[in-house]
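Worksheet: the structure to be examined is printed underneath.
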Amino acid sequence: QVQLVESGGGLVQAGGSLRLSCAASGLIFSINAMGWYRQAPGKQRELVAVITSGGVTNYADSVKGRFAISRDNAKNTVYLQMKSLKPEDTAVYYCTAVGLGRWGKGTQVTVSS
């Protein structure tokens, strides 16, 4: 059974940084694309970043140049390094194994102005 557990969220001031982690189990992690999505109150869940099994990355325009997704296949973990955070980045951040329809429970990120 695929399990995804996010961690690393919290409260940070605008301009600050956070690193999110997502520990995966129950899948062949190294061959699976992984993604981060976020959902702000009253809004739909949106793609933040994706990383393929080969390390190719793709980002939402709103986070390009500020966020970086990476993966450690030895640890079955995907990361999201977030810098220059803005209040509009406030959301619950979810990890997903692309194509498997599995999601973590999410981790709250709150950016104060």
Given 84, 53, which one is of a type in the set (Gly, Ala, Ser), open to solvent by 40 Å² or more (accessible area, probe 1.4 Å), in contact (Cβ under 8 Å) with a residue 40 or more places away in the chain and out of contact with any strand residue (DSSP E or B) (no Cβ under 8 Å at 6 or more places or on another chain)? 84
Filter result for the condition that a residue is surrounded by fewer than 16 Cβ atoms within 10 Å (Cβ to Cβ) and in contact (Cβ under 8 Å) with a residue 12 or more places away in the chain, over 15, 42, 9: 15
Residue that is surrounded by the fewest Cβ atoms within 10 Å (Cβ to Cβ), among those in the stretch 87-104 that are of a type outside the set (A, V, I, L, M, F, W, C), under 13 Å from residue 38 (Cα atoms) and touching a strand residue (DSSP E or B) at 6+ places or on another chain (Cβ under 7 Å): 90
Within the stretch 27-39, restricting to residues that are assigned to a loop (DSSP other than H, G, I, E, B) and not polar (S, T, N, Q), the one that is most open to solvent (accessible area, probe 1.4 Å) is 28
Could you tell me whether any residue of the stretch 56-78 is touching a residue at least 40 places away in the same chain (Cβ under 8 Å) and of a type in the set (A, V, I, L, M)? yes
Here is a check on your reading of the model: is residue 108 within 25 Å of residue 1 (Cβ to Cβ), open to solvent by 50 Å² or more (accessible area, probe 1.4 Å) and not in a loop (DSSP other than H, G, I, E, B)? yes
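The values are calculated or read from the model by the stated rules, or taken from the named source; none is laboratory data. This one's a predicted model, so the numbers in the text were calculated from it and none came from an experiment. Here the Cβ is made from the backbone with ideal geometry for all residues, glycine too, and neighbour counts use every protein chain on show. Side chains included, ligands, DNA and RNA excluded: accessible areas come from the protein's heavy atoms. Shrake-Rupley method; radii C 1.70, N 1.55, O 1.52, S 1.80 Å.
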